[in-house]
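Comments concern the structure below.
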Amino acid sequence: MIRIVIAEDQGMLLGAMKSLLSMEDDMEVVGLAKNGEEAIEMVTELKPDICIMDIEMPIKTGLDAAEALRESDCKIIILTTFARPGYFERARKAGVRGYLLKDSPIEELVNSIRIIVDGRRIYAPELVDFVYEDDSENPLTERESQVLELVAEGKTTKEIAAELYLSAGTVRNYISTILDKLGVGNRIEAIARFKEKGWNK
């Protein structure tokens, strides 16, 4: 029997997946989690064979949870609506065995679970194609990346200037250049784009 934990913050989808997977003779859903933190606790406690996780969840995302569970024996499947190269790259580095899109038919998920339990990996072709289409490198210099990472930590221009031994004006110039290079309108969008692309790793 393949023992499964499902982590998904949308209650209706969580219930539907449990019902559909429970109909399979060789599968048993042993735990339901509403966020990444609960998923980590359940996998640690229940030791399932498979954990199916959404990416966008509160407290900890599916990718945070996958990274935390990297050393566990549980095989992680990410099920997401987001075909983003940064996400896929993070999932791959975290040792995720499956990366599938939510609009795939349930039969595809069931089949993938069996293949992954047998020790293989399954990545949705759309995701792999998307990654190879978007082979863009981080356009920021090392110093610009450093500035943006400090912005992401919530530091003010003045604090960043002090930490990097720069003037506040120079830091502002760096931030302006960063926004231009990333094609975004503000710091929050810059941080989001930087993380989405996986450039902060």
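The values are calculated or read from the model by the stated rules, or taken from the named source; none is laboratory data. This structure is a prediction, so every number in the text was calculated from the model and none was measured. Cβ coordinates were reconstructed from backbone atoms using ideal geometry, including for glycine residues, and neighbour counts include every protein chain displayed. Side chains are part of the model used for accessible areas, which takes the heavy atoms of the whole protein and leaves out ligands, DNA and RNA. Shrake-Rupley method; radii C 1.70, N 1.55, O 1.52, S 1.80 Å.
Tabulated values for the structure
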read-out: Cross-link pairs beyond the 22 Å C-alpha cut-off, checked among Lys34/Lys197; Lys93/Lys195; Lys18/Lys102; Lys60/Lys195; Lys34/Lys102; Lys93/Lys181; value: Lys34/Lys197; Lys93/Lys181
read-out: Sulfur and carbon atoms: percent of accessible area, the chain [1.4 Å]; value: 49 percent
read-out: Partner aspartates and glutamates for Lys155 [C-alpha distance under 13 Å; skip if fewer than 8 residues away on the same chain]; value: Glu163
read-out: Cα point-scatterer Debye curve for the stretch 144-201, base-10 log of I(q)/I(0) at q = 0.22, 0.31 Å⁻¹; value: -0.79, -1.36
read-out: Average Cα contact separation per residue, the stretch 1-102, under 8 Å, 6 or more apart, as relative contact order %; value: 25 percent
read-out: Unit charges on C-beta of K, R, D, E only; dipole of the chain, Debye; value: 580 debye
read-out: Separation between Cα centres of the stretch 32-85 and the stretch 1-15, rounded to whole Å; value: 11 Å
read-out: Mean projected area in nm² (Cα convex hull; one quarter of hull surface) for the stretch 1-105; value: 5.9 nm²
read-out: Surface accessible to a 1.4 Å probe, per residue, for the residues of the stretch 23-125, Å²; value: 48 Å²
read-out: 1.4 Å probe accessible area per residue over the stretch 141-201, in Å²; value: 59 Å²
read-out: Linear extension gain, Lys18 paired with Asn111, 0.36 nm per residue minus alpha-carbon span; value: 31.9 nm
read-out: Helical segments meeting 18 Å axial Cα length and Kyte-Doolittle 0.0 threshold in the chain (DSSP H); value: 168-182
read-out: When the chain is reduced to its Cα atoms, the Kirkwood hydrodynamic radius in Å; value: 18.4 Å
